[in-house]
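The values are calculated or read from the model by the stated rules, or taken from the named source; none is laboratory data. Remember, predicted model here, so these are calculated numbers, not experimental data. Cβ placement follows ideal geometry from the backbone for every residue including glycine, while neighbour counts extend to all protein chains displayed. Just the protein is used for accessible areas: all its heavy atoms, side chains included, with ligands, DNA and RNA removed. Shrake-Rupley method; radii C 1.70, N 1.55, O 1.52, S 1.80 Å.
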Amino acid sequence: GKSVGGDGAPERGWMDLAAKPHITSTTAVLALFALQQFSGINAIVYFSSSVFRQAGIASDVLASAVVSLVNVLGTALIAAPSIDRFGRKAMLKASFA
């Protein structure tokens with residue numbers, strides 16, 4: 001059987017996420033992680049060097065570094081405090097509105 005943790009509850013493992021009561025949630029989370037790679041800031045960062053180069057910016061690498069800096073600052077100064085204030089679930093729902 002499963003070993004028991006210090007609080008008396010059975011210990012859980014990664015494979016429990018594939019069990020019937022959790023498979024729908026696990027699938028939804030994995031789909032969100034995969035789909036976000038094709039949208040938003042990830043796409044902007046990935047293509048920024050070529051976009052800046054085609055726009056005639058002298059230093060496409062420097063421009064890409066600025067995009068990354070804005071991304072970090074936006075995360076630290078806007079996104080993280082918003083998640084703390086409104087909660088992850090509310091922010092996720094609002095992002096689909």
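Numbers at a glance
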item: Restricting the range 82-96 to residues that are of a type in the set (A, V, I, L, M, F, W, C) and open to solvent by 100 Å² or more (accessible area, probe 1.4 Å), the residue that is nearest to residue 29 (Cα to Cα); result: 96
item: Matching residues, the range 18-54, being β-branched (Val, Ile, Thr) and modelled with pLDDT under 85; result: 41, 44, 45
item: Failed item, numbered, when residue 79 is tested on (1) open to solvent by 50 Å² or more (accessible area, probe 1.4 Å); (2) under 15 Å from the mean Cα position of the chain (by Cα); result: (1)
item: Residue pairs meeting the criteria (Cβ under 6 Å; at least 6 apart or on separate chains; first within 17 Å of residue 48 (Cα to Cα), in the range 70-84; second open to solvent by 60 Å² or more (accessible area, probe 1.4 Å) and of a type outside the set (S, T, N, Q)); result: 71/41
item: The range 71-91, residues that are within 15 Å of residue 42 (Cα to Cα) and of a type in the set (S, T, N, Q); result: 71, 75
item: Selection status of residue 31, within 18 Å of residue 67 (Cα to Cα) and without any contact (Cβ under 8 Å) to a residue 12 or more places away in the chain; result: no
